[in-house]
Every structure is written in structure tokens, then in C-alpha cells.
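Only one structure is covered here, and it is reproduced in the block below.
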Amino acid sequence: MSLTIESRPIVDVAAGVRVRFARTPEEFAAVVELRRRVFRDEQSLVETEVTDSEDRHSYQALAVIPDGAIGTGRLTPPTVARPEAHIAWGATLPTFRGRGVGTEIMRALLASADAARMPVVTLSAQTHALAFYRRLGFIPYGERFLVRGIEHQRMARRRPL
Ligand SMILES: CC(C)(COP(=O)(O)OP(=O)(O)OC[C@H]1O[C@@H](n2cnc3c(N)ncnc32)[C@H](O)[C@@H]1OP(=O)(O)O)[C@@H](O)C(=O)NCCC(=O)NCCS
């Protein structure tokens, strides 16, 4: 199945959205295109490169409606270099925001982390999204910092007992 990137708003996204993990080259291409649209074109957070070395050993969530892919997020399991699991590249296309898609993506990633008994998950939140991550159980720690002019805050969530 080839995935297009859907940009038309629809009324009831949350009811029709499915979150799954990318398994094919076409699905990973959709993940990359979503990152380009949000982190390069919209936010200028990255200049060109929207993939990195952690993609190879990470789980890529993809939120899909019948017409195409509208959101994504990545869970990287703990490594020697970074002992905590890490979530990054979370994005929903602008016209689909505020409808629960990002929350569904995060729930899928966290459910996987919990099922694999990863004790702590960290992320670097853009500070406009702090409340979004707090609602999912993340707690801020450390100093805020800037990435290409966008303020970030490190956050962590412990696996529920
Ligand atoms: C942050 C983001 C992934 C949330 O996705 P989403 O699909 O809108 O998430 P939900 O609908 O489940 O939750 C929306 C909540 O996120 C918050 N939010 C943060 N930025 C928002 C935005 N630009 N538009 C809408 N909601 C936003 C709101 O507080 C909202 O809370 P509410 O439900 O009380 O209104 C999405 O806004 C996005 O892609 N932003 C640009 C990229 C980005 O900043 N990614 C996060 C990197 S740390």
C-alpha cells in the first residue's frame, strides 16, 4: 500500500484515525514526509535532514485515516549511549491538530514502552506543548534550552506500577 500525505481537514478525525507502526519502506517514507512538512517547512527546526542514526533501531508510529497519513512519532529503546527510552519527532499535520491524534500516537508509543518494561521514557518538549506531555504523565526536569530559536524542556515519565 502506498501512503499519501493527507492535508484536507475532516470533521471527526479521532474516531477514524488508526495508529500503527511503520513496517514497510512506503510507511517509513510517509513518516519522513510528515517530519519534513512539520519540522522543516512549518517550524524551520531542521534545515534539510529529517532522519538520524536512531531511526534504524526505533519504532515509528504512523497515524492514518482512510485517505492517508496525518501524524507520526518515534520511540527509541534504551541504548548504551542513552540508558533511557526516548520519544522524538512527534508531529500532527496542522489541519488535524487539537483532535486527539497526537494523544493517540503518544499512547501507542507509551503502551509499547510499558509492554517492553522500559522503566523511564524521556523526551525534549517544545515548551508550547508542555501541557500536552504533562497530561500524558511526563514531568519536566533540567534547564530549558533553544534549538534554532525554539525553546525546549526535557521531560521524563516513569512506567506506571
Ligand atoms: C504537539 C502536537 C504533536 C500535538 O498534536 P495534536 O494532534 O494536536 O494533539 P492532541 O489533539 O492530542 O492534543 C492537542 C493538545 O496539544 C496542545 N497543542 C500544542 N500545540 C498545539 C497546536 N499547535 N495546535 C493545537 N494544539 C496544540 C494543546 O494544548 C492541545 O490541548 P487541548 O486538547 O487541551 O486543546 C502538534 O501540535 C504538533 O505537531 N505540533 C508541531 C510539532 C511539535 O511541536 N511537535 C512536538 C515536538 S516536542
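The values are calculated or read from the model by the stated rules, or taken from the named source; none is laboratory data. It should be emphasised that the depicted structure is a prediction, and the values quoted were computed from it without experimental measurement. Note: ideal-geometry Cβ built from the backbone for every residue, glycine included; neighbour counts use all protein chains shown.
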Exercise for review: Could you check, for the range 77-85, whether at least one of its residues is within 18 Å of ARG157 (Cα to Cα), more than 8 Å from the ligand (Cβ to nearest atom) and under 15 Å from the mean Cα position of the chain (by Cα)?
Suggested key: yes
Review point. If we scan the range 118-132, do we find a residue that is closer than 28 Å to ALA29 by Cα, touching a Lys or Arg at 6+ places or on another chain (Cβ under 6 Å) and more than 15 Å from the ligand (Cβ to nearest atom)?
Key: no
Practice item. Tell me which of these ARG154 doesn't satisfy, since it passes every other one: (1) surrounded by 19 or more Cβ atoms within 10 Å (Cβ to Cβ); (2) part of a strand (DSSP E or B). Key: (1)
Study note, to complete from the structure: When every residue in the range 15-25 that is more than 12 Å from GLY71 (Cα to Cα) and exposed (fewer than 12 other Cβ atoms within 10 Å of the Cβ) is compared, the one nearest to the chain's Cα centre (by Cα) is ARG23
Exercise for review: Determine if the range 111-125 includes at least one residue that is buried (at least 21 other Cβ atoms within 10 Å of the Cβ), under 16 Å from the mean Cα position of the chain (by Cα) and either closer than 22 Å to ARG18 by Cβ or of a type in the set (Ser, Thr, Tyr) (or both).
Suggested key: yes
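Out of all the residues in the range 101-119, is one or more assigned to a strand (DSSP E or B) and at pLDDT 95 or above?
no
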Practice item. Filter the range 27-62 down to residues that are surrounded by fewer than 15 Cβ atoms within 10 Å (Cβ to Cβ), assigned to a helix (DSSP H, G or I) and of a type in the set (Asp, Glu), then give me how many there are. Key: 2
Check your understanding: Between residues in the range 20-49 that are within 11 Å of the ligand (Cβ to nearest atom) and residues that are in a helix (DSSP H, G or I) and not hydroxyl-bearing (Ser, Thr, Tyr), which pairs lie under 7 Å by C-beta distance while being six or more apart or on different chains?
Key -> GLU42/PRO94; LEU45/PHE39
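Residues checked against (1) more than 15 Å from the ligand (Cβ to nearest atom); (2) of a type in the set (Asp, Glu); (3) farther than 16 Å from PHE39 by Cβ:
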residue: GLU54; (1), (2), (3): yes, yes, no
residue: GLY90; (1), (2), (3): no, no, no
residue: VAL101; (1), (2), (3): no, no, yes
residue: ALA108; (1), (2), (3): no, no, yes
residue: ARG134; (1), (2), (3): no, no, yes
residue: GLN153; (1), (2), (3): no, no, yes
residue: LEU161; (1), (2), (3): yes, no, yes
